[in-house]
Structures are given as C-alpha cells and as structure tokens.
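Notes to accompany the following structure.
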Amino acid sequence: MTTLKPTTTFKASVTGNERRAPATTGLTTVGDIAATVTQGPLPFRLTAFDGSAVGPSEGPGLHINNRRALTYVVTAPGDLGLVRAYVSGDIDFVNTHPADPYELLKLMDDGLHLRRPTPSEIKEIVLGLGMKTFVPVPPPPQEATPRWLRTVNGLRHSRKRDSVAISKHYDVSNTFYEYVLGPSMAYTCAVFHSPDDSLEQAQDAKHALVFDKLGLKPGQRLLDVGCGWGSMVRHAAHRGVQALGVTLSRQQAEWGQKAIVEEGLQHLAEIRYLDYRDVREGDFDAVSSIGLTEHIGVKQYPAYFTTLKDKLRPGGRLLNHCITRPDNVSNTHPEAFIDRYVFPDGELTGSGRIITAMQDVGFDVRHSENLREHYALTLRDWCANLRTNWDACVGEVGQGTARVWGLYMAASRLSFERNGIQLHQVLAVKPGEKGNSDVPLRPWWSG
C-alpha cells in the first residue's frame with residue numbers, strides 16, 4: 001500500500017487574525033496559547049504538563065507531556081512538528097488508542113479551526129514560551145531526511161534512490177506486517193462486497209477481480225510488478241497461471257518465495273528481488289501493477305508504461321491499481337509527514353493524468369473505476385489488527401514506528417472517506433498490429 005495523503009494529518013481550517021483581547025505579561029500556559037491560535041471552542045480535550053486544560057471534559061484528546069513537544073511544534077511547518085512530538089512520545093493521545101486515532105482525527109477535521117495570531121499575540125506567545133523553546137531539537141529516528149538531502153542516494157527516482165525509498169517503508173519487519181496485514185499479507189486496497197466481509201475475504205475478492213479483469217486462463221503468463229509479499233502471484237498460480245513477481249524489497253522477496261514453496265507452487269510461481277525494468281522475459285499475457293505507480297514519479301510515467309507495454313504480447317492486458325488524487329492539477333508531492341515518515345519520494349496525481357500517460361504510449365484503455373470507499377474499509381481493518389496486536393507490534397518495531405503506522409493509516413482512512421484521495425483500477429490492452437484488442441463487448445468480470 002501506498003498512502004500518500006494530500007490533506008493534513010492533524011487537519012484544521014485556518015481563518016484570519018480576528019483580534020482578541022491581548023495578554024499583558026505573556027501567554028503563560030499551553031491552554032492560553034491554544035485558545036489564542038484557535039477560532040471557537042476546541043473539539044477535543046487538550047491537557048498539558050503545566051496543568052492547563054481546554055476543550056470538552058470527555059472524549060478523545062491530546063496531552064502534551066513536556067516542553068520539548070512545544071519545541072517540535074513551533075520549529076516545524078504544518079503538522080510535521082505535531083507528528084515529531086507524537087512519535088517521540090512527547091504528546092500522547094487520550095481516550096483513543098494509538099493504533100487507531102480515527103475518531104480524534106475526525107474531530108479535528110470537523111471542528112478544529114486555527115487562526116493566525118496578530119503580531120502582538122505572537123509577541124505574547126514568544127514571551128510565554130521563552131526563547132529556548134524556539135531552539136530546534138533533532139527529529140525522532142523514524143524520520144527520513146528532507147528531499148533535498150536525499151541526493152546522496154542519487155537523483156529522485158533513480159534506481160538507487162528508488163531502492164532506498166522502497167526499503168525504508170517495506171523492510172520494516174515481515175513479522176510486523178504479518179500482525180497488521182493478516183494472513184493475506186496483501187498491502188493494497190481490498191474489495192468488499194459488504195462492510196461486514198472479513199479482511200481476508202475482501203483481499204481474496206480483490207485478487208479475483210484483478211485476475212478476472214485481466215482475463216487470465218490456466219497456462220497463461222502473468223508479470224506482477226511491485227509484487228509485495230506475492231499474494232497476487234500466489235493467487236494466480238493457484239488458478240493455474242505461470243506467475244512472476246518482482247519487488248525492490250529484499251525482505252518481501254524472501255518471504256514471498258518461501259510462501260510459494262510452502263504452498264507447493266514453485267512449478268508455477270516465482271518472486272525475484274529485482275527492479276521491474278530489469279525483467280528480461282517478455283510476451284506476457286498480462287501485467288498487474290498493484291500499488292507500485294505511487295512510487296514511480298509522474299515524470300517517469302512515459303518510461304514506466306512503455307516498459308510495461310513492451311513486456312506484453314499483442315492483445316495482452318495491463319491492470320494498473322494505485323492511489324490517486326481527486327483532480328489532475330494538484331501538487332503531486334505528499335505532505336511532509338507522509339514524505340518523511342511513510343513513503344519517501346512518493347507522488348500522486350489524478351486518474352486522468354494516469355490514463356493520458358497510458359494512452360500516450362499506445363495502450364488502449366478499456367475501463368476505470370474508483371474504489372476509495374473500499375480502501376477506507378481496508379484501513380479500518382488494518383488499524384483493528386494493529387490494535388489487537390499492539391504490544392507485539394511495539395515489541396517488534398518500537399513504539400515510535402507503531403505510532404507512525406496507527407496515525408498514517410487512520411488519517412488515510414479519513415481521507416479516502418472524504419475524497420481527499422482515491423484508488424483507481426485502470427484496465428488497458430496492448431493493441432494488435434491492426435489495432436485489435438480482442439475484448440468482449442461488455443465487461444466480463446463480476447464484483
């Protein structure tokens with residue numbers, strides 16, 4: 001999965017600087033400062049180490065544990081400072097589990113309205129906090145370097161830098177992913193026939209949908225690029241298809257190949273630790289790309305889709321499954337939290353831009369659908385798994401990393417629900433020499 005959320009994690013609207021009655025000796029408590037920078041009542045409870053408190057007495061809230069939390073907040077732009085303080089343990093969630101802070105984030109999205117303080121109010125805030133609070137402190141170890149410093153690993157979307165970025169996210173711990181993803185080990189949007197479907201049922205339905213859209217039959221050949229732990233590869237092999245999966249995560253490749261052997265599929269399936277650009281075989285009947293496009297980079301789309309087209313036989317089909325934006329004009333880069341803590345160098349754009357790129361290299365696009373509500377349900381279930389296995393997950397990767405996952409998954413769920421981001425499956429065909437695509441007149445899949 002790649003969840004490159006374009007909206008703010010700790011989201012709030014921002015209004016003008018309607019003036020309040022100024023303090024005369026500096027704003028001395030965290031509660032005073034919170035009341036100064038917000039418009040209207042706080043929708044959640046905020047308490048702090050200095051004994052101050054604002055907001056409703058019940059429901060989800062935040063507790064600021066120490067002055068370092070304030071330093072993080074005032075020295076980093078947007079929500080990055082809040083994330084740093086939370087990941088470091090300098091801010092705690094109250095009455096909400098760190099594995100699933102969805103309800104707290106929803107309260108913030110609905111009712112938190114920030115206002116720009118006036119120059120005199122800024123002066124009072126500085127007096128109240130003291131200048132030492134504005135001296136930056138190192139970020140937590142879970143944070144990746146800023147984009148401009150990553151050039152030591154090569155230019156953005158060079159092979160070396162892509163490999164480092166993939167490893168940053170996917171080589172966390174196979175055991176951790178087993179706890180969060182469940183038996184399917186599928187880290188992409190599932191497909192639900194009902195909200196009450198189990199996660200495993202929904203993931204199997206997703207694999208079946210991809211398989212059926214591609215029109216695969218026993219004896220045919222599938223290339224799955226960015227294959228993760230090989231769930232799509234194994235699904236295809238169980239249905240008699242020769243399947244090759246490639247991934248830039250060594251841990252994924254090792255886990256997936258072991259699973260293939262355990263399931264007795266080695267005569268049909270293989271997973272390689274390999275860049276998709278280095279696959280030597282060709283003339284595949286189908287290519288699936290499930291959750292890879294987010295890592296490619298928009299400027300690389302022409303080369304990416306050309307490579308996939310070149311791997312297909314004439315009449316072969318491509319199913320491209322990826323997170324998208326709801327428009328084609330927004331900035332493609334993610335917010336700082338996602339870029340620094342979740343998916344370094346990831347990029348998102350709208351489905352229209354993706355379809356255009358596919359068409360421009362010669363694909364015949366046959367179908368597109370938006371599954372964003374399904375991704376919200378998938379994230380709901382991943383958060384539930386994280387909560388169920390919280391102590392084990394913390395023991396495996398540490399509290400800071402576990403907090404990152406709970407926060408990003410809950411925030412992404414909210415963004416999918418509210419159309420901040422989407423999930424599109426686009427089906428395309430490599431036409432034959434005379435332009436024939438050899439597909440039925442109407443959709444041939446169910447679900």
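The values are calculated or read from the model by the stated rules, or taken from the named source; none is laboratory data. Computed from a predicted model, the values in this text were never measured in an experiment. Ideal geometry is used to build each Cβ from the backbone, glycine not excepted, and the neighbour counts take in all protein chains shown.
Confirm whether Glu281 is acidic (Asp, Glu) and either crowded, with 19+ Cβ neighbours inside 10 Å or in contact with a Lys or Arg (Cβ under 9 Å, 6 or more places away or on another chain) (or both). Considered against the rule, which asks whether it is acidic (Asp, Glu) and either crowded, with 19+ Cβ neighbours inside 10 Å or in contact with a Lys or Arg (Cβ under 9 Å, 6 or more places away or on another chain) (or both), Glu281 comes out as yes.
Which members of the stretch 311-336 meet the condition of being closer than 13 Å to Gly362 by Cα and of a type in the set (Gly, Ala, Ser)? Gly315, Gly316, listed by residue number. There is at least one residue in the stretch 358-380 that is β-branched (Val, Ile, Thr) and under 23 Å from Leu181 (Cα atoms).
Is it the case that the stretch 404-414 has a residue that's over 17 Å from Phe337 (Cβ atoms) and modelled with pLDDT of 95 or more?
Pass one, the stretch 404-414, residues over 17 Å from Phe337 (Cβ atoms): none.
Checked against the condition, which is being over 17 Å from Phe337 (Cβ atoms) and modelled with pLDDT of 95 or more, the stretch 404-414 yields no hits at all.
Of all residues in the stretch 390-414, which are of a type in the set (S, T, N, Q), within 19 Å of Tyr375 (Cβ to Cβ) and surrounded by fewer than 24 Cβ atoms within 10 Å (Cβ to Cβ)? The answer is none; no residue qualifies.
Annotation: Ala384 fulfils all but one of (1) hydrophobic (A, V, I, L, M, F, W, C); (2) assigned to a loop (DSSP other than H, G, I, E, B); (3) surrounded by fewer than 23 Cβ atoms within 10 Å (Cβ to Cβ); the unmet one is (2). Criterion applied to Gly352, Gly362 was being assigned by TED's automatic domain parsing to the domain that holds Ala253 and either hydroxyl-bearing (Ser, Thr, Tyr) or without any contact (Cβ under 8 Å) to a residue 40 or more places away in the chain (or both), and the one residue passing it is Gly352. Looking at His374, is it closer than 30 Å to Pro431 by Cα, outside any loop (DSSP other than H, G, I, E, B) and either in contact (Cβ under 8 Å) with a residue 12 or more places away in the chain or not assigned by TED's automatic domain parsing to the domain that holds Gly89 (or both)? No; evaluated as a whole, the condition is false for this residue. Residue pairs whose Cβ atoms lie under 6 Å apart, sitting 6 or more positions apart in sequence or on different chains, and linking a residue in the stretch 319-339 that is of a type in the set (Asp, Glu) to a partner that is surrounded by fewer than 22 Cβ atoms within 10 Å (Cβ to Cβ), are Asp327/Gly350.
The set of residues from the stretch 307-318 being surrounded by fewer than 22 Cβ atoms within 10 Å (Cβ to Cβ) and within 14 Å of Val426 (Cβ to Cβ) comprises just one member, Lys309.
Yes or no: Tyr304 assigned by TED's automatic domain parsing to the domain that holds His207 and surrounded by fewer than 18 Cβ atoms within 10 Å (Cβ to Cβ)? Spell out the reasoning first.
Values: assigned by TED's automatic domain parsing to the domain that holds His207: yes; surrounded by fewer than 18 Cβ atoms within 10 Å (Cβ to Cβ): no.
Criteria not met by Tyr304.
Has the stretch 304-312 got any residue that is at positive phi and at pLDDT 95 or above? Scanning the stretch 304-312 turns up no residue that is at positive phi and at pLDDT 95 or above. If the condition is being among the polar types (S, T, N, Q) and either closer than 19 Å to Asn370 by Cα or buried (at least 18 other Cβ atoms within 10 Å of the Cβ) (or both), then the stretch 191-225 contributes Ser194, Gln203, Gln220.
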